[in-house]
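Notes for the one structure printed next.
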Ligand code: FES
């Protein structure tokens, strides 16, 4: 298991994705209110960069920038077909540090 420093929680943009290189993975990290979420940056459909997607903060959804599929940030499910999921990663806040754990 390895940890990566994403950045300062206080400096992360609200409701916008940030791409983080973590080993051989690119992870999209999102801050909504007091929460942070980490998902695979590659959309499972055709591989668009999800950190460039529009975030709907109220419903904690990122909308893929290519074909507008809606992915839930809290459980990685596709909305409304929740049988499909994208990969989620463990991310947490320690003081003001946002840490990604793979
Ligand atoms: S690449 Fe994301 S919905 Fe098509």
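Coordinate-derived values only; no laboratory data. The structure displayed is predicted, hence computed values, not measured ones. As a convention, Cβ positions derive from the backbone with ideal geometry for all residues, glycine included, and neighbour counts pool all protein chains shown.
State yes or no: is residue 66 assigned to a strand (DSSP E or B) and either touching a helix residue (DSSP H, G or I) at 6+ places or on another chain (Cβ under 8 Å) or surrounded by fewer than 18 Cβ atoms within 10 Å (Cβ to Cβ) (or both)? Judged against the criteria, residue 66 is not a match. Filtering the stretch 33-60 down to residues that are surrounded by 20 or more Cβ atoms within 10 Å (Cβ to Cβ) and in a strand (DSSP E or B), which residue is nearest to the ligand (Cβ to nearest atom)? Taking the candidates together, the pick is 39. Taking the conditions (1) more than 7 Å from the ligand (Cβ to nearest atom); (2) at negative phi in turn, residue 76 satisfies each one other than (2). When each of 49, 25, 40, 59 is tested for being more than 17 Å from residue 100 (Cα to Cα) and in contact (Cβ under 8 Å) with a residue 24 or more places away in the chain, the lone residue that passes is 49.
Taken over the stretch 69-87, residues that are in a loop (DSSP other than H, G, I, E, B) and under 14 Å from the mean Cα position of the chain (by Cα) amount to 6. Here residue 21 passes the criteria (1) surrounded by 12 or more Cβ atoms within 10 Å (Cβ to Cβ); (2) part of a strand (DSSP E or B); (3) away from the ligand (no atom under 11 Å from the Cβ) except the one numbered (1).
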